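Enquirer: Here's a structure for you.
Here, each number is a calculation from the coordinates, and none is a lab measurement. Computed from a predicted model, the values in this text were never measured in an experiment. So basically every Cβ, Gly included, is an ideal-geometry build from the backbone, and we count neighbours across all protein chains shown.
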Amino acid sequence: MCTGAEVAVLAGSAIQAGGGIGQANAQADALNQQADYANNAADHAEARGEFQVQRIRRELHRITGTQRASYAGQGVVVSDGSALEKQMDTAGLAEEDVMQAQNNAALEAWGFKVQAYNYEYQADAAQ
């Protein structure tokens, strides 16, 4: 049979263990929330990258339109020779910018996805 003091010690231990479980669950919940934030940040990084790509392509169309109008105003055939080469060079430079914007967005999103995975791993370990 247990004495009153032993019962009190056992009850205190049980309460402490329950508190530790609650604390671990709260920590896991907080880490899962951080993972959600990181995943949202990854989605936003990808969306910003796509917006940047669209902006670059719009600028390309504006520049090549200006080039064509300038050449045509001078009586130059815009679909042949150096006028065409200049437009192709412009398009090539713009495509490099597009690839860089896509790469930057992908790397940024990847970093956030790695953070999210780490938070999820820590949350699983906390429970």
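Enquirer: How much length, in nm to one decimal, is gained on full extension between ALA72 and VAL114, taken as 0.36 nm per residue of separation minus their Cα-Cα distance?
Expert: 9.9 nm
Enquirer: Shifting gears a bit: Work out, step by step, the length gained on full extension between ASP124 and LYS86: first 0.36 nm times the residue separation, then minus their alpha carbon distance; give nm to one decimal.
Expert: Gain on stretching ASP124 to LYS86: 8.0 nm.
Enquirer: Still on this structure, I have one more. With no solvent and one equal point scatterer per Cα, compute the Debye intensity ratio I(q)/I(0) for segment 4-126 at 0.16, 0.18 Å⁻¹ and report its log10, rounded to two decimals.
Expert: Debye intensities relative to I(0), on a log10 scale: -0.85, -0.93.
Enquirer: Here's another thing I want to ask about it. So what J values fall out for segment 113-126 if you push phi through Karplus, 6.51 cos²θ - 1.76 cosθ + 1.60 with θ = phi - 60°, rounded to Hz, Gly and Pro as x?
Expert: 5, 5, 4, 4, 4, 5, 4, 5, 4, 5, 5, 5, 5, 6
Enquirer: With each pseudo-label sitting 7 Å past Cα toward Cβ, what's the GLN23-ARG48 distance in nm, one decimal?
Expert: So the label points at GLN23 and ARG48 sit 3.7 nm apart.
Enquirer: Something else: If you plug each phi of segment 97-107 into the Karplus form 6.51 cos²θ - 1.76 cosθ + 1.60 with θ = phi - 60°, what whole-Hz ³J(HN,Hα) values come out, in order, with x for Gly and Pro?
Expert: 4, 4, 5, 5, 4, 5, 5, 4, 5, 5, 5
Enquirer: Report the local net charge at ALA41: Lys and Arg +1, Asp and Glu -1, summed over other residues whose C-beta lies under 12 Å from its C-beta.
Expert: Once all neighbours under 12 Å are counted, the net charge is -2.
Enquirer: What are the residues whose amide H is under 5 Å from the amide H of VAL78, where those residues sit 5 or more places off or on another chain and H is modelled from the backbone?
Expert: Under 5 Å from the amide H of VAL78 lies no amide H from a residue far enough along the sequence or on another chain.
Enquirer: Turning to a different aspect of this structure: Quote the FRET efficiency, to the nearest 0.05, computed for MET99 versus ASN40 with a Förster distance R0 of 30 Å and r equal to the Cβ-Cβ distance.
Expert: Taking R0 as 30 Å, the efficiency between MET99 and ASN40 is 0.70.
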